[in-house]
Amino acid sequence: MPDARADALKKQLTFGQRAAARLVAWLARVWYATLRVQSTARMKDVIRYTETPGIFLLWHNRISVGPFLYKVSKRTRPMHTIISASRDGRFVTRVLNLLGMPAVSGSSSRRGTQAFIELLDILKRGEDIVITPDGPRGPMYCLKPSAAMLARLSGARIVLLNPTITRGWRMKSWDGFYLPKPFSKIVLDAEMLEENLAESFENDEAFSQEIKRRYDAITRDEIPYSGRRGKTP
């Protein structure tokens with residue numbers, strides 16, 4: 001199925017777009033090769049844990065290092081992500097495919113329901129997913145309920161990813177997008193929430209609030225942000 005989707009995706013892109021995607025993927029590999037990583041003990045525990053599939057959360061402003069995290073985590077099962085169904089999204093999906101990450105097409109605004117069903121099916125067959133809980137439009141660090149819903153319906157464990165970028169650039173976008181500088185260090189931390197934690201809460205809203213509380217507690221912003229944050233979550 002992934003190969004068939006990749007072939008279908010290539011047909012939706014022009015020759016120039018396919019060539020550009022290969023160039024971007026090559027540049028990303030070169031860039032990632034310069035980064036130094038320091039994993040905390042909690043991150044190492046996450047890497048070792050393979051008993052159940054995981055719902056990995058990554059704030060939108062850190063997705064530039066998403067494929068890098070996938071590579072260094074050395075997961076033994078595929079990890080799928082969700083990308084916008086737009087034309088630009090198809091290009092990003094192709095780049096991720098070239099970097100070894102399968103992608104599901106959809107977002108909260110386009111094809112969102114179908115994408116949610118596909119992500120749930122992926123979890124039920126024992127594979128991992130990674131989503132940006134404040135994407136695609138924010139506000140920054142505002143956690144949407146999809147992670148809680150997926151965890152409750154699938155029984156998968158939620159993993160809060162926290163790559164701290166110590167040297168880099170921050171864009172003046174809604175999320176304060178991070179780009180780590182070449183040869184900089186990234187500190188990888190993570191927290192794996194308890195199994196079947198959703199059963200401890202009356203509804204998905206209460207569960208989402210607990211996820212956000214614990215995610216906020218480990219999130220670190222080492223580089224100042226001078227853009228417009230938008231409405232406070």
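The values are calculated or read from the model by the stated rules, or taken from the named source; none is laboratory data. What you see is a predicted model; the values in this text were computed from it and never measured. Here Cβ is always computed from backbone atoms with ideal geometry, including for glycine, and neighbour counts include all displayed protein chains.
Considering only the stretch 122-132, state which residues are in contact with a helix residue (DSSP H, G or I) (Cβ under 9 Å, 6 or more places away or on another chain) and either of a type in the set (D, E, K, R) or under 12 Å from VAL159 (Cβ atoms) (or both). LYS124, ASP128, ILE129, VAL130, ILE131 - these are the residues of the stretch 122-132 that are in contact with a helix residue (DSSP H, G or I) (Cβ under 9 Å, 6 or more places away or on another chain) and either of a type in the set (D, E, K, R) or under 12 Å from VAL159 (Cβ atoms) (or both).
Please specify each residue of the stretch 157-197 satisfying the condition of being surrounded by 21 or more Cβ atoms within 10 Å (Cβ to Cβ) and more than 21 Å from ARG42 (Cβ to Cβ). Those that are surrounded by 21 or more Cβ atoms within 10 Å (Cβ to Cβ) and more than 21 Å from ARG42 (Cβ to Cβ): ASP175, GLY176.
Taken over the stretch 200-220, the residue count meeting the criterion of being surrounded by 11 or more Cβ atoms within 10 Å (Cβ to Cβ) and closer than 14 Å to ILE158 by Cα is 9. Considering the stretch 146-156, and only residues there that are out of contact with any Ser or Thr (no Cβ under 8 Å at 6 or more places or on another chain) and among the aliphatic types (A, V, I, L, M), the residue that is surrounded by the fewest Cβ atoms within 10 Å (Cβ to Cβ) turns out to be LEU153. Confirm whether ILE158 is at pLDDT 95 or above, of a type outside the set (S, T, N, Q) and in contact with a helix residue (DSSP H, G or I) (Cβ under 7 Å, 6 or more places away or on another chain). So ILE158 passes the test.
Are any residues in the stretch 151-189 assigned to a strand (DSSP E or B), of a type in the set (A, V, I, L, M) and more than 16 Å from GLU51 (Cβ to Cβ), and if so, which ones? Correct list: LEU160, LEU161, ILE165, LEU179, ILE186, VAL187, LEU188. Where strands (runs of 3 or more DSSP E) fall wholly inside the stretch 44-127, the ranges with 1 or more residues that are modelled with pLDDT of 85 or more and out of contact with any Phe, Trp or Tyr (no Cβ under 9 Å at 6 or more places or on another chain) are 54-57, 79-83. If only residues of the stretch 13-43 that are not β-branched (Val, Ile, Thr) and not in a helix (DSSP H, G or I) are counted, the one that is modelled with the lowest pLDDT is LEU13. Restricting attention to the stretch 34-78, the residues that are among the aromatic types (Phe, Trp, Tyr), surrounded by 20 or more Cβ atoms within 10 Å (Cβ to Cβ) and more than 9 Å from the chain's Cα centre (by Cα) total 2. Listed by first and then second residue, the pairs with beta-carbon distance under 7 Å, at least 6 apart or on different chains, first residue in the stretch 125-143 and on the phi < 0 side of the Ramachandran plot and surrounded by 18 or more Cβ atoms within 10 Å (Cβ to Cβ), second of a type in the set (Lys, Arg) and not in a loop (DSSP other than H, G, I, E, B), are LEU143/LYS212. Looking only at the stretch 79-94, how many residues end up being without any contact (Cβ under 8 Å) to a residue 40 or more places away in the chain and surrounded by 20 or more Cβ atoms within 10 Å (Cβ to Cβ)? The qualifying residues number 1.
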